[in-house]
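Student: One structure, as structure tokens, below. Some questions next.
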Amino acid sequence: MRTTEEAEGFDGEASNTSMISGASSPYQPTTEPVHSRNVLGGIRCDMEYLKSYFGILKAVEVVLSLIGFICIETIMMCSPCGGVYFFEFVSCSAFVVTGVLLFIFSLNLHTKVPHVNWSLTDLVNTAASTFFFFLSSLVLACINHNTGAEIAAVIFGFLVTGVYGVNTFLAVRRWRRGNGCQGAAQTSEYMRARTASRGEMEARPELG
């Protein structure tokens, strides 16, 4: 009997101890709901960008690149085929890369990755597309079999070259404007820090 009573006493003390320690423990269970993060929050179609010069030029570039690619794909026989393959690669690459950039900019996805210089990325893409489209169109114009598909591809190639050239010009202006504003901000911050440092030096008493 004594053993049973002692066991019951020990159980009661352990229960009281656990209740006291549970009440005084800083790690209490919470009943607050856990809200899941909305990863796609803030994504919306930016109609202002689509209506801007850059948005319109991007859309035209995508359409013309696709038309040029379709034209060159309709060619069944060619000899030599170097010009055809070169134009095919350039038109397909420009269509994919420019289409991805248009998708990113139109949905404001570039704001989710602020450490990437998107103005410089767009400038590199437009400049490279201008150069390679002009080169591939020129090669195809010199080496072709005067078929309707090749002539149409050359025409659309030079058209999209002009559009990419205008986009490159505007992208260079935007990139220079952005670098100028950034440089002015850095200069202003440097002058502000220098003025504050000079004020601290003047406020200090001179040493013996």
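Student: Residue 102 - would you say it is surrounded by 15 or more Cβ atoms within 10 Å (Cβ to Cβ), under 22 Å from residue 171 (Cα atoms), more than 18 Å from the chain's Cα centre (by Cα) and among the aliphatic types (A, V, I, L, M)?
Tutor: Numbers: surrounded by 15 or more Cβ atoms within 10 Å (Cβ to Cβ): yes; under 22 Å from residue 171 (Cα atoms): yes; more than 18 Å from the chain's Cα centre (by Cα): no; among the aliphatic types (A, V, I, L, M): yes.
So residue 102 does not fit the description; no.
Student: Follow-up. Yes or no: segment 157-173 includes at least one residue that is within 23 Å of residue 95 (Cβ to Cβ), at pLDDT 85 or above, in a loop (DSSP other than H, G, I, E, B) and open to solvent by 60 Å² or more (accessible area, probe 1.4 Å).
Tutor: Scanning segment 157-173, I find no residue that is within 23 Å of residue 95 (Cβ to Cβ), at pLDDT 85 or above, in a loop (DSSP other than H, G, I, E, B) and open to solvent by 60 Å² or more (accessible area, probe 1.4 Å), so the answer is no.
Student: Considering each of 75, 67 in turn, give the residue that is open to solvent by 20 Å² or more (accessible area, probe 1.4 Å), among the hydrophobic types (A, V, I, L, M, F, W, C) and modelled with pLDDT of 95 or more.
Tutor: From the options 75, 67, the qualifying one is 67.
Student: Give segment 127-146 a look and list any residue that's surrounded by 15 or more Cβ atoms within 10 Å (Cβ to Cβ) and of a type in the set (S, T, N, Q), or say none. Let's see the steps before the verdict.
Tutor: As a first pass, look at segment 127-146 and keep what is surrounded by 15 or more Cβ atoms within 10 Å (Cβ to Cβ): 127-141, 143-144.
Within segment 127-146, 129, 130, 136, 137, 144 meet the criteria.
Student: Applying the selection to segment 97-136, what residues are modelled with pLDDT of 95 or more and not hydrophobic (A, V, I, L, M, F, W, C)?
Tutor: 98, 99, 125, 126, 129, 130, 136
The values are calculated or read from the model by the stated rules, or taken from the named source; none is laboratory data. None of these values were measured; they are calculated from a predicted model. Positions of Cβ are backbone-derived with ideal geometry, glycine not excepted, and every protein chain shown enters the neighbour counts. Side chains are part of the model used for accessible areas, which takes the heavy atoms of the whole protein and leaves out ligands, DNA and RNA. Shrake-Rupley method; radii C 1.70, N 1.55, O 1.52, S 1.80 Å.
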